[in-house]
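Everything on this sheet refers to the single structure shown next.
The values are calculated or read from the model by the stated rules, or taken from the named source; none is laboratory data. Values in this document were obtained by computation on a predicted structure and should not be read as measured data. A quick note on method: Cβ atoms are made from the backbone with ideal geometry, for glycine too, and the neighbour counts reach across all protein chains shown. The area values use the complete protein model at the heavy-atom level, side chains included, leaving out ligands, DNA and RNA. Shrake-Rupley method; radii C 1.70, N 1.55, O 1.52, S 1.80 Å.
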Amino acid sequence: MDTLPPPQIMGEGEDRISGLPDELLHGILLRLRSARAAARTSVLSRRWHHAASRLPTLLLFGPDAPPPASILDSVDAALAAYHAPSVKHLAITFPSKSPAVLPHRVAPWLRFASERVAGTLFLSFPYQVAWPSAAPEEPEVELPVCGGATEINLTLEYRWRLRVQLAGLFTALTTLRIHSVTMEGSELTALVSTQCPNLRELSLYVKLVAASDVSICSDSLYSLVLHVRIIQRLELMTPGLHLLTLSHSVLKAHISAPKLARLVWKGHAYDPCRHQFADVGHPLQCLDIRGESIVAPLMQRFDKVVKLILDIFVPQGVVGYASFLDKTNKLPKCESLMVTLTYTDHGLVPIMLHLLRMCYGTRKLSVLLHDPFAPSSGYSCVSSCPCRMAESHKINYIAIDSLEELEIYYFTGSDEEMEFVHKLSSCNSATLKNLVIYYTLFPGPPLTKKVCEMVRNRCDPKVKVEFYLNSHGKWLCFD
């Protein structure tokens, strides 16, 4: 009778897992999604230690972040133990309760990235309310040239001043996001305009050291999000730019973007004398105006767009409502209109009927009702407000001869919302085909078949009415 060979004892030979190729070992370690966890596998064998120190991805830190007191030393040790000539993805992310990080500790990490990263760099620190008393008054850190990085994401600290190494090119860089830091306007201009020849996506949430000019000249730039405090004058020369988001006050601007398709304007005034769109795409595919102020001159600058998105906040009182009427007395001609109504003292019906009177050629209308959890007071404005006048509730002179689809989000079935549906169905809307209601359960009653029938009974029989309920962040059809 044959006898089985004695079992192999650890230490007498190499285990089978350690005999796998490096590529498979890297795949196993990467599934741990943590450089610390991968490093702990080195106790299994020297081969595992070799594999862990040459991973193509370094994630510092995942769910198993070290204690706050040792987190800085842990980053230093992990980078010192890394032996591969390059890393495809380096992420250093500190959890929310981490201690404040000073720039002198981060500088060697950035130097490591400039020498080794051949892919993505992600560096993020939480906001610190308390700042170490021993910290310098104006802490600085330098961003060295990372010639092999294709994407750089930096979320730092507004107390820091980020300097840029002006010699050299970020040759491979296509995506750059710099958030929560202070910069010189001239260095920002040089970085984007001369050192990143292949940049496609740029996102800046920074504060300038002092009010100054910023110039962005780039043939490759496709998407730009600009949230920069105290810009004195902004110049954009971007022949390939398609997407532009501007927020915070810009005193003066000269924008040349002949291929611009989407413009997002956030929360600051537009003055055609100071903000010049010298050469932009026409018509815009999307004009998105956000914030509490309605920028009427900007809507007049773009008299025709494919999609118009408006945040509507109607100020309190008679003067506030009159101002709303004045600023929206002319909307750009658009195929699709999306309106977000934030909390207002005025009624939904008069506001929406006024906007409908201004619509020309609109095929799709989407209405996002105000936050259902806000302390809504309905008609809490004074009795003399124009929104209470019978004339504001009439549907005369509203000829919706192009509207095909209406969407209402965060519908609760309130009397005012039901009145709006009824008013709309009473308009001359022979082309309306679909009404889609996205129902929210709070603070309204549960959605029932009876509620659905009440809405359908107020609509023309030829209109298809659909209901959706939100379940765990997804809209599910309610039959």
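Points worth noting:
- Within the option set Val214, Val206, Val228, Val250, being farther than 21 Å from Arg290 by Cα and of a type in the set (Val, Ile, Thr) holds for one residue only, Val214.
- The lone criterion from (1) under 19 Å from Leu202 (Cβ atoms); (2) out of contact with any Cys (no Cβ under 9 Å at 6 or more places or on another chain); (3) modelled with pLDDT of 90 or more; (4) open to solvent by 20 Å² or more (accessible area, probe 1.4 Å) left unmet by Leu166 is number (3).
Residues checked against (1) modelled with pLDDT of 90 or more; (2) touching a helix residue (DSSP H, G or I) at 6+ places or on another chain (Cβ under 6 Å):
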{"position": "Ala52", "(1), (2)": "no, yes"}
{"position": "Leu60", "(1), (2)": "no, yes"}
{"position": "Pro68", "(1), (2)": "no, no"}
{"position": "Ser74", "(1), (2)": "no, no"}
{"position": "Ala84", "(1), (2)": "no, no"}
{"position": "His89", "(1), (2)": "yes, no"}
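- In this structure, Thr238 qualifies as surrounded by 20 or more Cβ atoms within 10 Å (Cβ to Cβ) and over 21 Å from the mean Cα position of the chain (by Cα).
- Looking only at the stretch 308-338, and only at residues there that are touching a strand residue (DSSP E or B) at 6+ places or on another chain (Cβ under 9 Å) and surrounded by fewer than 19 Cβ atoms within 10 Å (Cβ to Cβ), the one that is farthest from Asp279 (Cα to Cα): Phe313
- Qualifying residue in the stretch 173-190 (condition: farther than 26 Å from Arg229 by Cα, of a type outside the set (Ser, Thr, Tyr) and open to solvent by 30 Å² or more (accessible area, probe 1.4 Å)): no
- Residue match in the stretch 265-272 (condition: modelled with pLDDT of 90 or more and part of a strand (DSSP E or B)): yes
- Note on the stretch 208-232: among residues that are in contact with a strand residue (DSSP E or B) (Cβ under 6 Å, 6 or more places away or on another chain), open to solvent by less than 70 Å² (accessible area, probe 1.4 Å) and not aliphatic (A, V, I, L, M), the one that is farthest from Ser247 (Cα to Cα) is Cys217.
- If you go through the stretch 197-225 and pick out every residue that is part of a loop (DSSP other than H, G, I, E, B) and farther than 18 Å from Phe122 by Cα, you end up with 7.
- Check on Leu341, more than 28 Å from the chain's Cα centre (by Cα), open to solvent by less than 40 Å² (accessible area, probe 1.4 Å) and touching a residue at least 12 places away in the same chain (Cβ under 8 Å): no
- Odd one out for Ser193 among (1) within 22 Å of Leu246 (Cβ to Cβ); (2) outside any helix (DSSP H, G or I); (3) in contact with a Cys (Cβ under 8 Å, 6 or more places away or on another chain): (2)
- Subset of the stretch 113-130 (residues that are out of contact with any strand residue (DSSP E or B) (no Cβ under 8 Å at 6 or more places or on another chain) and not in a loop (DSSP other than H, G, I, E, B)): Ser114, Glu115
- Subset of the stretch 259-280 [of a type outside the set (A, V, I, L, M, F, W, C) and either surrounded by 18 or more Cβ atoms within 10 Å (Cβ to Cβ) or touching a residue at least 40 places away in the same chain (Cβ under 8 Å) (or both)]: Arg262, Tyr270, His275
- Filtered residues of the stretch 406-426 (kept if within 33 Å of the chain's Cα centre (by Cα), of a type outside the set (A, V, I, L, M, F, W, C), crowded, with 18+ Cβ neighbours inside 10 Å and assigned to a helix (DSSP H, G or I)): Glu417
- Scanning the stretch 105-128 for residues that are over 24 Å from the mean Cα position of the chain (by Cα) and either open to solvent by less than 30 Å² (accessible area, probe 1.4 Å) or free of Cβ contacts under 8 Å to residues at least 12 places away in the same chain (or both) yields a total of 8.
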